[in-house]
Amino acid sequence: MSDILANIVAHKMKEVAERKQQVNAMELERMPLFKNACTSLTNNLLQPNTTGIIAEFKRQSPSKGIINNKASVYEVTHAYTQFGAAGISVLTDTTFFGGSLADLSIAVQQPIPVLRKEFIIDEFQILEAKAYGASVILLIAACLTPAMVISLATTAKGLGMEVLLELHDASELSHICPQIDMVGVNNRSLKSFEVTIDHSLQLKDSLPKEMLCIAESGIYDITTYHLLKKEGFDGFLMGEYFMKQESPAKAFETFSQQIKWDQNAN
């Protein structure tokens with residue numbers, strides 16, 4: 001585990017312990033959104049002529065600093081929905097990414113599946129995700145053992161949620177299990193924070209053929225999107241490219257229109 005990831009996980013363990021003192025599992029289960037049926041990201045990604053984009057709302061990151069601290073969660077996620085995103089991803093980590101569960105609660109007002117993007121290490125965080133309306137959770141292999149992935153994914157599935165497992169290299173392939181729905185390959189190294197789509201291209205053939213695969217990070221132009229789609233990726237988690245523009249909503253609209261033009265041309 002890289003130093004930055006180790007710091008994030010150590011902080012997250014303290015944070016979760018504090019949150020458990022503030023609210024218990026029964027209180028989360030009594031929240032209005034907890035009973036809501038989840039919306040399937042898998043089904044959306046399987047639709048013909050979908051953009052396949054899981055569009056992310058992201059304010060900042062440890063590697064990039066502040067990306068966009070002015071954009072409206074509602075305005076951006078509404079545009080993501082309006083212009084064809086398959087799903088929405090929302091960073092809920094506050095200390096390192098500037099996000100919050102409040103951001104998640106705004107995003108889930110949209111009628112498409114929302115992923116809670118978080119460093120999940122405890123099933124309490126999954127209960128939180130469900131209580132705040134998320135339909136999908138992210139599990140990061142680099143901070144979990146294979147046994148923890150099975151346990152956390154089983155909890156999520158029991159709540160009707162879907163699970164995206166994020167890998168960074170071939171050493172983490174053993175984390176893949178039947179309890180997850182999608183496998184993502186993060187093109188950003190957790191050690192150097194350098195981004196290269198070679199991560200996705202090199203790992204693709206090692207991923208289960210029966211499972212949807214998602215390319216994450218490093219997709220900054222339409223050419224890269226089409227290359228990854230041609231290589232067989234079903235989904236594309238993109239946030240930084242849109243969020244760093246003056247208008248993330250307009251940037252997504254333009255990118256989505258380009259995809260549709262290219263689909264129609266073919």
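The values are calculated or read from the model by the stated rules, or taken from the named source; none is laboratory data. The model shown is predicted, which means the values in this text are computed figures rather than measured ones. Cβ atoms come from the backbone with ideal geometry, glycine included; neighbour counts cover every protein chain shown.
Some observations on this one:
- The listed residue being touching a Ser or Thr at 6+ places or on another chain (Cβ under 9 Å) and either of a type in the set (D, E, K, R) or modelled with pLDDT of 95 or more (or both), out of 169, 198: 169
- Within the stretch 160-188, the residues that satisfy the criterion of being free of Cβ contacts under 8 Å to residues at least 60 places away in the same chain and in a loop (DSSP other than H, G, I, E, B) are 168, 169, 176, 177, 178, 179, 180, 187.
- Take the conditions (1) modelled with pLDDT of 95 or more; (2) in contact with a helix residue (DSSP H, G or I) (Cβ under 6 Å, 6 or more places away or on another chain); residue 46 misses just one of them, which is (2).
- Flag if residue 193 is in a strand (DSSP E or B), in contact with a Ser or Thr (Cβ under 9 Å, 6 or more places away or on another chain) and under 30 Å from residue 72 (Cβ atoms): no
- Qualifying residue in the stretch 49-67 (condition: part of a helix (DSSP H, G or I) and farther than 18 Å from residue 236 by Cβ): no
- Scanning the stretch 141-150 for residues that are free of Cβ contacts under 8 Å to residues at least 60 places away in the same chain and surrounded by 15 or more Cβ atoms within 10 Å (Cβ to Cβ) returns 141, 144, 148, 149, 150.
- Test: residue 232 is in contact with a Lys or Arg (Cβ under 7 Å, 6 or more places away or on another chain), closer than 17 Å to residue 52 by Cβ and of a type in the set (Gly, Ala, Ser): yes
- Qualifying positions in the stretch 128-165 - in contact with a Phe, Trp or Tyr (Cβ under 8 Å, 6 or more places away or on another chain), among the hydrophobic types (A, V, I, L, M, F, W, C) and closer than 23 Å to residue 26 by Cα: 131
- Filter pass, residue 43 being within 25 Å of residue 225 (Cα to Cα), free of Cβ contacts under 8 Å to residues at least 60 places away in the same chain and exposed (fewer than 14 other Cβ atoms within 10 Å of the Cβ): yes
- Test result for residue 79, surrounded by fewer than 17 Cβ atoms within 10 Å (Cβ to Cβ), of a type in the set (A, V, I, L, M) and in contact (Cβ under 8 Å) with a residue 60 or more places away in the chain: no
- In the condition set (1) within 14 Å of residue 240 (Cα to Cα); (2) free of Cβ contacts under 8 Å to residues at least 40 places away in the same chain; (3) in contact with a helix residue (DSSP H, G or I) (Cβ under 8 Å, 6 or more places away or on another chain), residue 104 is compliant with all but (1).
- Residues of the stretch 1-34 that are in a helix (DSSP H, G or I), modelled with pLDDT of 95 or more and of a type in the set (D, E, K, R): 12, 14, 15, 18, 19, 20, 27, 29.
- Qualifying residue in the stretch 84-91 (condition: within 18 Å of residue 239 (Cα to Cα) and either polar (S, T, N, Q) or modelled with pLDDT under 95 (or both)): yes
- Of the residues in the stretch 198-211, not one is under 16 Å from residue 56 (Cβ atoms) and touching a Phe, Trp or Tyr at 6+ places or on another chain (Cβ under 9 Å).
- In the set 210, 253, only one residue is closer than 21 Å to residue 149 by Cβ, among the acidic types (Asp, Glu) and either assigned to a helix (DSSP H, G or I) or out of contact with any strand residue (DSSP E or B) (no Cβ under 8 Å at 6 or more places or on another chain) (or both); that residue is 210.
- If only residues of the stretch 81-132 that are polar (S, T, N, Q) and within 15 Å of the chain's Cα centre (by Cα) are counted, the one that is nearest to residue 15 (Cα to Cα) is 125.
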